[in-house]
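The values are calculated or read from the model by the stated rules, or taken from the named source; none is laboratory data. Being a predicted model, the structure only gives us computed values, none of them experimental. All Cβ positions, glycine included, derive from the backbone under ideal geometry; neighbour counts span all protein chains shown.
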Amino acid sequence: MKAVIVIGDGMADRPVRELGGKTPLEVAKKPSLNWVAKTGVCGVIDLIAPGVPPGSDTAHLALLGYDVFKTYTGRGALEALGSGVDIQPGDVAFRCNFATVDDNFTVVDRRAGRIETQDASELARDLKKVRLKKIQVTFKNTVQHRGILLLSGPGLSARVSDSDPHKIGKRVSEVHPLDDTVEAKRTAKIVEELLQRFHEILKNHPVNAERKKKGLFSANIVLCRGAGALPDLTTLPRQYGIQAAAINAVPLVGGVCKAAGMSLINVRGATGSYDTDIEAKADATIQAVKSHDLVLVHVKASDIASHDGKVQQKVRMIEKIDDMVGRIVKNVDMGETFVAVTADHTTSLLTREHEGDPVPVAITGPCVRTDDIEEFSERACARGGLGRMRGIDLMPTLMNFLGKTEKFGA
Ligand SMILES: [Zn+2]
């Protein structure tokens, strides 16, 4: 038996006035999602706990069966893992932005005018040359202004604050320790020194001189946030004796999956945006199921539509996810595959934020105890046979279908 988990990022929503008081899921044409609901068992999931808005990282940790309160160690390490940075126990990673500051270190642009990846790569090349005593520094730029900073060495701590003030017009924040340990104090000092040296390199860099000439924002500072250490997880292969793979286009989610021992499958055309190649993702899933027990496929743009407040775009993205699900269920052997569809959180078109409302879930496959729900939506699934479950319950539920769980007791 095999399992596929389809996750529409932020796909769940609240009723929207523009949609006649319905949610985007309720108005979208979604024959395949409805088929999963109709032939399967439905419910709603509190990813973390009722009323707690989850991040994409904590939500995915929960859906993979981890207690986030015990295992979550910050975003930076997960981003690093998902970006292909080799992070080891004891290392500390940060998510970074190239940004623009004035002479008083007031942030003028948090993304250096969304600097092109090519310019950012040239700047990063020189930042990589910085050496510190006893600490190894790795800086990797990813896409546009985004990057990862990794510190390796003895006596480090992820308990340090952000230098990113998260707002333009504010001064760059001093990195300070978040607890009283020697390690946190030392790490904060190291980061401060490092960011200062980065600034010295960047402010006079030829790439920035050229950008100024063209009237572009100068990438004269690195802002860091989300310090994190590698989470200590029992991987899915160890826990259940399975081979698992993930298909996604977002480093953060990729990092969570990798930490859980899943192999990451890169799909050409999976952009993490509205234009993502849904057919290619479906085909990669169909292919991956042949050699893995569990495949997770994640689609990002439903969440982006909500953050952007784009109602019709969200409906269209859900319809694309529906196409993907249709292609998957038509091409895998449904006689031996379970398909679960859900979201990692509610993202409200109205508030444009993640919210704590539960998300719908439907699981179809051989021998599931079907209920009388025929539609995949927030309200319909709430009446389903799975009732209301926690995010952490999904993985054992699926693994039990696969015959991979052990009896508790005699
Ligand atoms: Zn998310």
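Would it be correct to say that Gly51 is assigned to a loop (DSSP other than H, G, I, E, B), away from the ligand (no atom under 16 Å from the Cβ) and surrounded by 19 or more Cβ atoms within 10 Å (Cβ to Cβ)? No. Restricting the range 54-73 to residues that are crowded, with 20+ Cβ neighbours inside 10 Å and small (Gly, Ala, Ser), the residue that is farthest from the ligand (Cβ to nearest atom) is Gly65.
Do we have Phe338 as at pLDDT 95 or above, touching a Lys or Arg at 6+ places or on another chain (Cβ under 8 Å) and either within 13 Å of Val44 (Cβ to Cβ) or more than 16 Å from the ligand (Cβ to nearest atom) (or both) here?
Working: at pLDDT 95 or above: yes; touching a Lys or Arg at 6+ places or on another chain (Cβ under 8 Å): yes; either within 13 Å of Val44 (Cβ to Cβ) or more than 16 Å from the ligand (Cβ to nearest atom) (or both): yes.
Yes: the conditions hold for Phe338.
No other residue among Val4, Val44, Val85, Val27 is among the β-branched types (Val, Ile, Thr), more than 14 Å from the ligand (Cβ to nearest atom) and surrounded by fewer than 20 Cβ atoms within 10 Å (Cβ to Cβ) apart from Val27. Has the range 310-326 got at least one residue that is under 18 Å from Lys2 (Cα atoms), in the same structural domain as Val256 (by TED's automatic domain parsing) and of a type in the set (Val, Ile, Thr)? There is at least one residue in the range 310-326 that is under 18 Å from Lys2 (Cα atoms), in the same structural domain as Val256 (by TED's automatic domain parsing) and of a type in the set (Val, Ile, Thr).
In the set (1) in contact with a strand residue (DSSP E or B) (Cβ under 6 Å, 6 or more places away or on another chain); (2) more than 16 Å from the ligand (Cβ to nearest atom), Gln118 fails one condition alone, (1).
Residues in the range 303-319 that are surrounded by fewer than 21 Cβ atoms within 10 Å (Cβ to Cβ), in a helix (DSSP H, G or I) and at pLDDT 95 or above: Val311, Gln312, Gln313, Arg316, Glu319. Here is a check on your reading of the model: is Asp57 touching a helix residue (DSSP H, G or I) at 6+ places or on another chain (Cβ under 8 Å) and either among the charged types (D, E, K, R) or not in a helix (DSSP H, G or I) (or both)? So Asp57 passes the test. Considering the conditions (1) touching a Lys or Arg at 6+ places or on another chain (Cβ under 6 Å); (2) surrounded by fewer than 17 Cβ atoms within 10 Å (Cβ to Cβ); (3) under 21 Å from Arg110 (Cβ atoms), Lys203 is excluded by exactly one of them, (1).
Select, from Ile318, Ile304, Ile363, the only residue that is of a type in the set (A, V, I, L, M, F, W, C) and more than 16 Å from the ligand (Cβ to nearest atom). Before you say what the answer is, go through the steps one by one.
Values: Ile318 fails: more than 16 Å from the ligand (Cβ to nearest atom); Ile304 fails: more than 16 Å from the ligand (Cβ to nearest atom).
Going through Ile318, Ile304, Ile363 in turn, the sole match is Ile363.
Going through the range 54-78 one residue at a time, which ones are of a type in the set (Asp, Glu) and farther than 24 Å from Ser348 by Cα?
Step one: list which residues in the range 54-78 are of a type in the set (Asp, Glu), which gives 57, 67.
Within the range 54-78, just Asp67 meets the criteria.
Looking at the structure I just gave you, is Val325 hydrophobic (A, V, I, L, M, F, W, C), buried (at least 23 other Cβ atoms within 10 Å of the Cβ), within 16 Å of the ligand (Cβ to nearest atom) and touching a residue at least 12 places away in the same chain (Cβ under 8 Å)? Walk me through how you get there before you give the answer.
On the way: hydrophobic (A, V, I, L, M, F, W, C): yes; buried (at least 23 other Cβ atoms within 10 Å of the Cβ): yes; within 16 Å of the ligand (Cβ to nearest atom): no; touching a residue at least 12 places away in the same chain (Cβ under 8 Å): yes.
No, not satisfied.
Just checking, does the range 17-38 include any residue being among the β-branched types (Val, Ile, Thr) and over 22 Å from Gly309 (Cβ atoms)? Break it down into steps so the answer makes sense when it comes.
Looking only at the range 17-38, we keep the residues that are among the β-branched types (Val, Ile, Thr), and these are 23, 27, 36.
Retained after the next criterion (residues that are over 22 Å from Gly309 (Cβ atoms)): 36.
Yes, some residue in the range 17-38 is among the β-branched types (Val, Ile, Thr) and over 22 Å from Gly309 (Cβ atoms).
Please work out if Tyr240 is in the same structural domain as Asp323 (by TED's automatic domain parsing) and modelled with pLDDT under 95. Even if it seems obvious, please write down each step before you answer.
Numbers: in the same structural domain as Asp323 (by TED's automatic domain parsing): yes; modelled with pLDDT under 95: no.
Against the criterion (in the same structural domain as Asp323 (by TED's automatic domain parsing) and modelled with pLDDT under 95), Tyr240 does not qualify.
Report yes if His298 is within 16 Å of the ligand (Cβ to nearest atom) and either surrounded by fewer than 21 Cβ atoms within 10 Å (Cβ to Cβ) or aromatic (Phe, Trp, Tyr) (or both), otherwise no. No; evaluated as a whole, the condition is false for this residue. Yes or no: the range 174-188 includes at least one residue that is within 28 Å of the chain's Cα centre (by Cα), under 15 Å from Leu223 (Cα atoms) and charged (D, E, K, R). Yes: the range 174-188 contains one or more residues that are within 28 Å of the chain's Cα centre (by Cα), under 15 Å from Leu223 (Cα atoms) and charged (D, E, K, R).
Quick one: what pairs do we get from the range 396-410, first residue in contact (Cβ under 8 Å) with a residue 24 or more places away in the chain, second surrounded by 10 or more Cβ atoms within 10 Å (Cβ to Cβ) and acidic (Asp, Glu), C-beta under 8 Å, 6+ apart or different chains? Taking only residues 6 or more apart or on different chains, the pairs are Leu402/Asp293; Lys404/Asp293.
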